[in-house]
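Inspection log for the structure reproduced underneath, given as C-alpha cells.
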Amino acid sequence: MKVITAVVCTLVLSLSLFAQVKPPTESAMDRFLRYVKIDTQSAEDQNTVPSTKKQFDLANLLAKELKDLGVENVRVSEFAIVYGMVPGNLADNSKVPTIGFIGHMDTSPAVSGANVKVNIVKNYQGGDIVLPADKMQVITVAQNPDLKNLIGDDIITADGTTLLGSDDKSGCAEIMTMIDILGNNPQIKHGNIAIAFTPDEEVGGGIDKFDIEHWGAKFAYTVDGEQLGDISNETFSARTATVTFHGKSTHPGTAKGILINSMYAAGDFLARFPTEIPNRPETTEGRENYIHPYVGTLDIETSVVKILLRDFDINGFVTLEQRVKDLVAETQKKYPSVKIDYESKLGYLNMKEVLKDYPQLTDYAVEAAKRAGITPEIRPIRGGTDGSNLTARGLPTPNLFTGGHNFHGKLEFNSRKGLEKSTATLVNLVQIFAEKAK
Ligand SMILES: [Zn+2]
C-alpha cells in the first residue's frame, strides 16, 4: 500500500511538473529536420579545421538561432566552432558550476550526407522499415531490437541513399530545444550553461581547436550517444602502432643479389594476425580489447603497417604492444635482411581515469534520464569521443544519448520521442545541478 501511494504521488508530482512546462517555440524534430538538410560531411586527411568549408553553413545558422534565443557571447571561431552562453537565472549563479553541452555538426565521411531526403514513418506500428529510395536498405527488428520500444512513435530515417545525420544533428537540435524550453520557462532554475557546436568530430582534429578556457564550463557533456538511456563515462584508451619495413630498391633488370623487397616481410607480418592475435575488432565486444591493423602502404623500399591498439585498461597496452612486438620479432627472424622498426603513439585515454573523481556527473545524468521516464544504462564506448579529448585536457566530459541509431550508415534513424525525451533529459540535468548546489 505504501509503495502504491508513493508511486501515485510520484506520478501526480511528475504530471503536475510536466503540466507546468511550456513547450518550446519550435520542436526538437522540426529543428532536426532543418539541420539534416544541410550537408556538413567532414573529410579525412585534410590539413585544415574545418576539414570542409561547408560546415560553416550549419555553424552560421546555429549561431544565428542561438542569438535569436537570447544566448549571450555567441561567436563562430575561425575553425567553425560555435560558442555561446545561456546565463543562469539564479539569485547567485556562481553557486552552481557552469555546465557545458556539446553537439557536433559534421557527419561521417563514410556515407554521403548531401541532399538528405527524410522519410518519416508516422505512428510506427512495428515491423521492418524498408527505405523508400533503395528497397535493399531495410531497418530490421532483428537487428534493431529497440524498435520494439518505438511503437506509436514517429520514426525518422533517410530515404536509403544517404545517411540521416542524426549523428550528431540530433544532439544539436536537442541542445537548441533545451535552450528554447528554458527560455519559455523561467520557473525552471539553472546556473550558467555553456553551449558549443563543433566541426570535424568524425575525423578528429576539430576538438583540438576547442577553446576550453574561453568557453567557461567547469563540467561538460557531449550529446552524441545512441539509444535512449545510454550514458557513457568510459571510453577505450587508444594507442597507434606503426611498423615500418625497410628494404632496398633497385632496377629489377640488374637487381640480382641487391634488391630487398620489404613488401614480403609486411605481408608475412600481416598474415600472422588472424591466427596469432585472437582479439581483433571482428572477434570482440563489450570491454574486450583489440589489436587492429587498419591501413598500410606497400613499396619495395619501405612498407608501413599501422595498427590500432585499444584497451579500457591503460595498463593493458603493455600486453597489446608486446603481442605486436612478438609478431615483429617472428617476421624479423624470417626476413633478416629487412630492417623492421616499431613505434607507437598515445591517442587518447579512457575518460574514466578522470571521471572516476567526478561521480556526480554520471549520477546526475542518470537521475535526469529517470525523470524523463527513461531507463538509464551506463555503457562503455568502444572508441573515443570529443569528450575523451576534453577530459584529458581538464574538462570532465561524459557522453549522453540522443535517441539515434545506426550511426554512419544509410540505416541511421531517430524518432520524435527520441529527440523529445533526450531534450527533456538535458532540461532535467541543468535543474538537478541547480538543486544539488543548494
Ligand atoms: Zn557523433
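The figures follow:
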| quantity | calculated |
| --- | --- |
| Residue-normalised accessible area of region 223-372, given per residue in Å² at a 1.4 Å probe | 51 |
| If the convex hull is drawn through the Cα atoms of region 23-82, its volume per residue in Å³ | 78 |
| Accessible area in square angstrom per residue, region 40-86, 1.4 angstrom probe | 50 |
| Long pairs among 356/436; 64/421; 54/306, criterion Cα-Cα beyond 21 Å | 64/421; 54/306 |
| 0 to 90° range, to nearest 10: angle between helix 416-437 axis and the chain longest Cα axis | 80 |
| Amide hydrogen neighbours beyond the local backbone of residue 377, cut-off 5 Å, H modeled | 230, 231 |
| Accessible carbon and sulfur surface of region 82-175 relative to its total accessible area, %, 1.4 Å | 53 |
| Carbon and sulfur %, accessible surface of region 347-431 computed with the full protein complex present, 1.4 Å | 49 |
| Quotient of C-alpha Rg and 2.2 N^0.38 Å, computed over the chain | 1.11 |
| Surface accessible to a 1.4 Å probe, per residue, for the residues of region 381-430, Å² | 25 |
| The chain, dipole about Cα centre (Lys/Arg Cβ +1, Asp/Glu Cβ -1), debye to the nearest 20 | 380 |
| Relative contact order (%) - region 47-137, alpha-carbon pairs under 8 angstrom, separation at least six | 19 |
| Region 310-438 - Rg (one decimal) and Dmax (whole number), Cα, Å | 20.9, 70 |
| R0 of 41 Å, Cβ-Cβ distance residue 143-residue 437: FRET efficiency to nearest 0.05 | 0.40 |
| Stretch gain in nm, segment residue 342-residue 95, where the contour uses 0.36 nm per residue and the Cα spacing is subtracted | 83.8 nm |
| Fully extended contour minus Cα-Cα distance, from residue 75 to residue 44, at 0.36 nm per residue | 8.6 nm |
| Simple spin-label estimate for residue 53 and residue 22 in nanometres, 7 Å along Cα-Cβ | 4.2 |
| Once the Cα gyration tensor of region 77-214 is diagonalised, semi-axes √(5λ) in Å | 35, 21, 11 |
| D_trans [Stokes-Einstein, Kirkwood Rh over alpha-carbon pairs] for region 366-438, 4 °C, 1.567 mPa s, µm² s⁻¹ | 93 |
| Dimensions in Å of region 169-299 - Rg and Dmax from alpha carbons | 24.7, 85 |
| Gaussian network model of the chain, Cα within-10 Å springs - most flexible of 184, 350, 123 | 123 |
| Accessible surface of residue 219 - all protein chains present, 1.4 Å probe, nearest 10 Å² | 10 |
| Surface share of carbon and sulfur [accessible, 1.4 angstrom probe, percent] for region 194-275 | 51 |
| Residue order for 272, 382, 393 - accessible surface, 1.4 angstrom probe, largest first | 393, 382, 272 |
| Estimated dipole of region 53-210 in Debye, rounded to 20 [Cβ of Lys and Arg +1, of Asp and Glu -1, Cα centre] | 240 |
| Residue 285-residue 258 FRET efficiency (beta carbon distance; Förster radius 51 Å; 0.05 resolution) | 0.60 |
| Whole-angstrom gap from region 137-194 to region 76-129, using each part's C-alpha centre | 9 |
| Diffusion constant of region 156-215 at 20 °C, which comes from Stokes-Einstein with the Kirkwood Cα-pair radius and 1.002 mPa s, µm²/s | 151 |
| Spin-label model distance (nm) - residue 271 vs residue 302, 7 Å beyond Cα toward Cβ | 2.6 |
| Rg in Å to one decimal, and Dmax rounded to a whole Å, for region 312-381 via C-alpha atoms | 20.9, 66 |
| Cα centroid of region 364-389 to Cα centroid of region 224-253, whole Å | 25 |
| Solvent-accessible area of residue 275 with every protein chain in place, 1.4 Å probe, in Å² to the nearest 10 | 120 |
| Binned Cα-Cα distances of region 51-105, short to long, each 5 Å bin given as a whole percent | 4, 18, 25, 22, 13, 10, 5, 2, 1 |
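The values are calculated or read from the model by the stated rules, or taken from the named source; none is laboratory data. Here the structure is a predicted model, which means the values were calculated and not measured. So basically every Cβ, Gly included, is an ideal-geometry build from the backbone, and we count neighbours across all protein chains shown. Ligands, DNA and RNA are stripped out before the accessible areas are found, and what is left, the full protein with its side chains, is counted by its heavy atoms. Shrake-Rupley method; radii C 1.70, N 1.55, O 1.52, S 1.80 Å.
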